[in-house]
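Chemist: Have a look at this one before I ask anything.
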Amino acid sequence: MRKQPVLPLLLLALGAMLAALLPACESGDLTLEEADPDAVPLHPTYEQVYAIVNRECTPCHTGEGEDDEGEYALAPKSRVVAEDDAPLETCTDIVAQRLDILEQIDDDTMPPGAWPRLTSEQKLLIRRWIDDGAPAPCN
Amino acid sequence: MQLTRTFVALTLAALSGLFAAATAFALPQYAGREGRACDNCHVSPNHWENPKTADRKCSLSCQTCHVDPAGGGMRTVTGRFYGRATLPMIATSPRPTADWDRNFPGLGRRDRATSYNDKIPHGPSAFEAARAYNDSIRDAWAWGTPAGESRHAPFQGRYGDLRADPVLRFGFDARFATLISEGTLMFPMQFDVGTAFHPVHHMTLYANVGARGRVSGYSDAIDDSHTPYFREVFLMTHEWPYQAYVKAGRFVPSYGLRLDDHTNRIRRDFELDGALVDARVTGVEAGFAPNYPFVNASYFKSSSKYEEPDPWDIFDVDESWGMALNAGYRELGWSAGASAITRRRPLDEGGDSDTYGVYGVLNPWYYRRGLPITLQCEVDYGSFQRASGNDANRLVTYAELDWLLWNGFNLLAAFDFSDPDREVANDHSTRYQFGGQVTPYPGFTFDGRVRALDVATPEGDGVDLILQLHVWF
């Protein structure tokens, strides 16, 4: 049997304990708006909202596009969302469903399953955009 | 013990019926395991003459198995050998002798490639002897011999019949996934094609083109905003003493444990998500790995945090710069490292950020036969600028325990924790994963995991099952 290195083992055990225990440390107790009112722009642009939706939502909320017959598709266009959900691809989609988006990201029910949820910054940006009247090229 | 049995039962239940599958990057867990036996990476080292340190090619660093020294993507001949000899249930290159009795029940001791007698294949014992092994090449997927000679290039014959140091080689990784959550979602996850052109020793041009799959298939991957793109493209000088290299081009900076799970917070939270074009930077990286310390350092320019760079123009960068350092010591049974990455950008491009991390891998198998487990963990802490210009801090941790039940059959338990803004309440999350990987044959891995996310809002907790087929070469 090989000689066991004591110091590395202790360091790794310490690292594993840190990885396991650090999450127990108390996080902050403020909302992002309380902590830093200027953390996101007061008047977010549609482009800023689109960047978030395009990355976090559109990969699953795809619609019946022009390649509906599956010319390139290698997988069925199934969705994790309900059958009657509309896609979130275009400006019109996003503006029309903005309140649903806000509700589901606010209570962390979307993205679903174990996918990482949106950050406080992303949520606040979308909320401010909606409060601002959801300015967009299509609206 | 009861807990172990429960864990095994739950995992097997999760895997039953699907034989999910795999990850065949030389993941950190694979590198952590390699050190237990030399013949994981090349044929049995009988009569081997240990070269001086400057000439040695033995290392547990990413560059041993991957063309990109920072890890991931196309494999070197060592990575290919590992993928044929050690990783699968049925080996097509000689199985490490220590693993002869570790085959899946019912598969028997023998497999396709292993000779269970004194005719264990072994390669050249020194650089001068390697030339005699040119006749051994039976490799349909790699061509040519680079001009010149190098004592620091892989020796022909040490990797069975694989071409050790080809002029041209292609590789690919494709993943197909099924996600079962509130519904069932099937989608292609990844398609990468890599090419390494190595006409002369010490010089390689590497390009890896990848496409992101979507629910609708790869179709979205070829429209305007989701085109395939250069994941990596760089010119590299390598095959130098102490495994030194310098590369210049587009790449993901070397930092921490390079996991293949792009949703993992130790990658995603620090703009190192391997699936995204915006994780790529353009710059220069240099490093070396002289048995067994390692250092990788890079200077780069990146694009705005809020804007995807041009998929093909690797010089599409903004007014920013950054540096990354990844260094440590990788012993045969353990490794420990520290990483740092700093980015300096105007506020409207994402602002400044500094991240520091420590990580380690422990391979008890090296010290005790019959203990085939691997433990890896990472802790990262960093500061970043909000859009207001004010500083904030974040904390991310990761830990994973792997248990290689049989050759080609791995179980894992993992968790990652993220608090993306330490000042803000209820924005943290913890994710637990239980599952495993099965590699029945070289080139095919099934990966299945039950994942549970715990967030601050009770209604936001979620569970899913993700199954992947990973086809790799």
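Let's see how each residue does on (1) over 30 Å from A:GLY113 (Cα atoms); (2) in contact with a strand residue (DSSP E or B) (Cβ under 8 Å, 6 or more places away or on another chain); (3) polar (S, T, N, Q); (4) in a strand (DSSP E or B):
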position: B:SER339; (1), (2), (3), (4): yes, yes, yes, yes
position: B:LEU375; (1), (2), (3), (4): no, yes, no, yes
position: B:GLY382; (1), (2), (3), (4): no, yes, no, yes
position: B:SER388; (1), (2), (3), (4): yes, no, yes, no
position: B:VAL396; (1), (2), (3), (4): no, yes, no, yes
position: B:ASP416; (1), (2), (3), (4): no, yes, no, yes
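Chemist: Can you report the number of residues in segment B:425-473 which are at pLDDT 90 or above and under 22 Å from the mean Cα position of the chain (by Cα)?
Modeler: So the answer is 28.
Chemist: Applying the selection to segment A:29-49, what residues are out of contact with any strand residue (DSSP E or B) (no Cβ under 6 Å at 6 or more places or on another chain) and assigned to a helix (DSSP H, G or I)?
Modeler: A:GLU33, A:GLU34, A:TYR46, A:GLU47, A:GLN48, A:VAL49
Chemist: Condition first: surrounded by 17 or more Cβ atoms within 10 Å (Cβ to Cβ) and hydroxyl-bearing (Ser, Thr, Tyr). Now tell me which residues in segment B:328-372 satisfy that.
Modeler: Scanning segment B:328-372 gives B:SER335, B:SER339, B:SER353, B:THR355, B:TYR359, B:TYR366, B:TYR367.
Chemist: For B:ASN296, work out the one condition from (1) under 27 Å from B:ALA392 (Cβ atoms); (2) touching a Leu at 6+ places or on another chain (Cβ under 9 Å) it doesn't fulfil.
Modeler: In the conditions (1) under 27 Å from B:ALA392 (Cβ atoms); (2) touching a Leu at 6+ places or on another chain (Cβ under 9 Å), B:ASN296 misses (1) alone.
Chemist: Condition first: hydrophobic (A, V, I, L, M, F, W, C), closer than 26 Å to B:MET186 by Cα and surrounded by fewer than 24 Cβ atoms within 10 Å (Cβ to Cβ). Can you find one or more residues in segment B:387-397 that meet it?
Modeler: At the first step, the residues of segment B:387-397 found to be hydrophobic (A, V, I, L, M, F, W, C) are B:387, B:392, B:395-396.
Pick out the ones that are also closer than 26 Å to B:MET186 by Cα and you get none.
Within segment B:387-397, not a single residue is hydrophobic (A, V, I, L, M, F, W, C), closer than 26 Å to B:MET186 by Cα and surrounded by fewer than 24 Cβ atoms within 10 Å (Cβ to Cβ).
Chemist: From the set of residues in segment B:373-384 that are crowded, with 20+ Cβ neighbours inside 10 Å and in contact with a helix residue (DSSP H, G or I) (Cβ under 9 Å, 6 or more places away or on another chain), which is farthest from B:PRO346 (Cα to Cα)?
Modeler: Once the filter is applied, the top-ranked residue is B:THR374.
Chemist: Looking at segment B:426-453 only, could you name the residues that are touching a Gly at 6+ places or on another chain (Cβ under 9 Å), closer than 15 Å to A:LEU118 by Cα and part of a strand (DSSP E or B)?
Modeler: B:SER429, B:LEU453
Chemist: Can you work out which of the residues in segment B:128-166 that are aliphatic (A, V, I, L, M) and in a loop (DSSP other than H, G, I, E, B) is surrounded by the most Cβ atoms within 10 Å (Cβ to Cβ)? Break it down into steps so the answer makes sense when it comes.
Modeler: Here is the first cut: in segment B:128-166, the ones aliphatic (A, V, I, L, M) are B:129-130, B:132, B:137, B:140, B:142, B:147, B:153, B:162, B:164.
Narrowing further to those that are in a loop (DSSP other than H, G, I, E, B): B:137, B:140, B:153, B:162, B:164.
Working: B:ILE137: 17, B:ALA140: 6, B:ALA153: 21, B:LEU162: 23, B:ALA164: 27.
The qualifying residue surrounded by the most Cβ atoms within 10 Å (Cβ to Cβ) is B:ALA164.
Chemist: Assess whether A:THR92 counts as being in a helix (DSSP H, G or I), at pLDDT 70 or above and out of contact with any helix residue (DSSP H, G or I) (no Cβ under 6 Å at 6 or more places or on another chain).
Modeler: yes
Chemist: Against the condition in contact with a Ser or Thr (Cβ under 6 Å, 6 or more places away or on another chain), farther than 30 Å from B:ALA275 by Cα and either modelled with pLDDT under 80 or crowded, with 21+ Cβ neighbours inside 10 Å (or both), how does B:PRO121 come out, does it pass? Give the steps one after another, and end with the answer.
Modeler: Details: in contact with a Ser or Thr (Cβ under 6 Å, 6 or more places away or on another chain): no; farther than 30 Å from B:ALA275 by Cα: yes; either modelled with pLDDT under 80 or crowded, with 21+ Cβ neighbours inside 10 Å (or both): yes.
Answer is no for this residue.
Chemist: Restricting attention to segment B:349-369, which residues are outside any strand (DSSP E or B) and either within 17 Å of B:CYS62 (Cβ to Cβ) or facing chain A (nearest Cβ under 10 Å) (or both)? Can you show your working first?
Modeler: Residues of segment B:349-369 outside any strand (DSSP E or B): B:349-352, B:363-369.
Residues satisfying the conditions are B:ASN363, B:PRO364, B:TYR366, B:TYR367, B:ARG368, B:ARG369.
Chemist: Restricting to segment A:107-118, give me the number of residues that are buried (at least 16 other Cβ atoms within 10 Å of the Cβ), touching a helix residue (DSSP H, G or I) at 6+ places or on another chain (Cβ under 7 Å) and without any contact (Cβ under 8 Å) to a residue 60 or more places away in the chain. Steps first, answer last, please.
Modeler: Our first condition is that a residue be buried (at least 16 other Cβ atoms within 10 Å of the Cβ); within segment A:107-118, this holds for A:108-118.
Going one step further and asking which of them are touching a helix residue (DSSP H, G or I) at 6+ places or on another chain (Cβ under 7 Å), we end up with A:108-111, A:116-118.
Checking the rest, the ones that are also without any contact (Cβ under 8 Å) to a residue 60 or more places away in the chain come to A:108-111, A:116-117.
The qualifying residues number 6.
Chemist: Are any residues in segment B:445-461 among the polar types (S, T, N, Q) and more than 23 Å from A:GLN104 (Cα to Cα), and if so, which ones?
Modeler: Of everything in segment B:445-461, just one residue is among the polar types (S, T, N, Q) and more than 23 Å from A:GLN104 (Cα to Cα), namely B:THR445.
Chemist: Something else about it: Just need a number here: residues in segment B:274-299 that are surrounded by fewer than 23 Cβ atoms within 10 Å (Cβ to Cβ), at pLDDT 85 or above and in a loop (DSSP other than H, G, I, E, B).
Modeler: Matching residues across segment B:274-299 total 2.
Chemist: If you check B:ASP419, B:ASP354, B:ASP427, which single one turns out to be under 27 Å from B:SER320 (Cβ atoms), touching a Cys at 6+ places or on another chain (Cβ under 9 Å) and free of Cβ contacts under 8 Å to residues at least 40 places away in the same chain?
Modeler: Numbers: B:ASP354 fails: touching a Cys at 6+ places or on another chain (Cβ under 9 Å); B:ASP427 fails: touching a Cys at 6+ places or on another chain (Cβ under 9 Å).
Only one candidate qualifies: B:ASP419.
Chemist: Only one residue in A:GLU26, A:GLU64, A:GLU69 is farther than 26 Å from A:PRO111 by Cα, assigned to a loop (DSSP other than H, G, I, E, B) and either at the interface with chain B (Cβ under 7 Å from one of its Cβ atoms) or modelled with pLDDT under 70 (or both), so which one is that? First the steps, then the outcome.
Modeler: Details: A:GLU26 fails: farther than 26 Å from A:PRO111 by Cα; A:GLU64 fails: farther than 26 Å from A:PRO111 by Cα.
Answer to the selection: A:GLU69.
Chemist: Could you tell me which residue of segment B:300-310 is farthest from B:VAL281 (Cα to Cα), considering only residues that are over 22 Å from the mean Cα position of the chain (by Cα) and buried (at least 20 other Cβ atoms within 10 Å of the Cβ)?
Modeler: Here is the first cut: in segment B:300-310, the residues over 22 Å from the mean Cα position of the chain (by Cα) are B:301-310.
The next check asks that each one be buried (at least 20 other Cβ atoms within 10 Å of the Cβ); those that pass are B:302-303, B:309.
On the way: B:SER302: 5, B:SER303: 7, B:PRO309: 9 Å.
Checking each candidate, the answer is B:PRO309.
Chemist: Let me ask something else about it. Quick one: what pairs do we get from segment B:226-250, first residue part of a loop (DSSP other than H, G, I, E, B), second crowded, with 18+ Cβ neighbours inside 10 Å and among the basic types (Lys, Arg), C-beta under 6 Å, 6+ apart or different chains?
Modeler: none
Chemist: Identify the residue in segment B:392-436 that is acidic (Asp, Glu) and within 19 Å of B:ARG33 (Cα to Cα) and, among all such residues, is nearest to the other protein chains (Cβ to nearest Cβ). Even if it seems obvious, please write down each step before you answer.
Modeler: First, pick out the residues of segment B:392-436 that are acidic (Asp, Glu): B:400, B:402, B:416, B:419, B:421, B:423, B:427.
If we keep only those that are within 19 Å of B:ARG33 (Cα to Cα) too, we end up with B:400, B:402.
On the way: B:GLU400: 10, B:ASP402: 13 Å.
In this case the residue turns out to be B:GLU400.
The values are calculated or read from the model by the stated rules, or taken from the named source; none is laboratory data. Quick caveat, the model's predicted, so the values are computed rather than measured. Positions of Cβ are generated from backbone atoms using ideal geometry, with glycine treated the same way; all protein chains shown enter the neighbour counts.
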